[in-house]
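Written below as structure tokens is the structure these notes are about.
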Amino acid sequence: MTITFPDGTRMQAAQLTRSADTLRVAVRGEDDARGFIRISGAWISEEIDSVRIEFEWDKRRNTIPSQDDCICDKRLAGRLIARLLNPEGDEAMSLSRV
């Protein structure tokens, strides 16, 4: 996860424990864990700073693939469509290639 403080400082951290409104994290290079609480949807540090916490799974969920990531050549598209229409034919397709 990435934690961003009001002054712009960003740090990477690993989640140790989490409940609905509390979070304990380990920060590389620091001996003590840091704690955060959530009040009205905002995360607050132990120093009473409002911080933004970005969880890795949030980053992945918000990523929208480009059109180029979704396009394949006609031959591959034809094979994929054939497998969708006839899933039992997978074995026959692979045996025919041997």
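Summary table below
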read-out: Cleavage-rule hits, GluC sites (Glu not before Pro), the range 1-64, DSSP coil, Cβ neighbours within 10 Å at most 12; value: GLU30, GLU46, GLU47
read-out: Label-to-label distance, nm, for residues given as ARG24 and SER66 (7 Å Cα→Cβ offset); value: 4.3 nm
read-out: Phi-based couplings in Hz for the range 23-29 (Karplus 6.51, -1.76, 1.60; Gly and Pro marked x); value: 8, 10, 10, 9, 10, 4, x
read-out: Per-residue HN-Hα couplings for the range 15-22 [Karplus 6.51, -1.76, 1.60; θ = phi - 60°; Hz; x = Gly/Pro]; value: 5, 9, 9, 8, 10, 4, 10, 9
read-out: Pair ALA82, SER45: separation of 7 Å Cα→Cβ label points (nm); value: 5.9 nm
read-out: Low-density loop positions, chymotrypsin sites (Phe, Trp or Tyr not before Pro), the range 1-79 - DSSP coil, at most 16 other Cβ in 10 Å; value: PHE55
read-out: Protection-proxy order for peptides 20-27, 72-79, 9-16, each taking the mean of Cβ atoms within 10 Å per residue, highest first; value: 20-27, 9-16, 72-79
read-out: Gain upon complete extension [ASP31, LEU16; 0.36 nm per residue less C-alpha separation]; value: 4.1 nm
read-out: Full-stretch length increase - ARG75, ARG38 - with 0.36 nm per residue and alpha-carbon distance subtracted; value: 8.2 nm
read-out: Cα-based Kirkwood hydrodynamic radius, the range 2-61, one decimal, Å; value: 11.9 Å
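Read-outs: derived from the displayed coordinates by stated rules, not from any lab. Here the structure is a predicted model, which means the values were calculated and not measured. Counting neighbours? That spans all protein chains shown, and the Cβs are built from the backbone with ideal geometry, glycine included.
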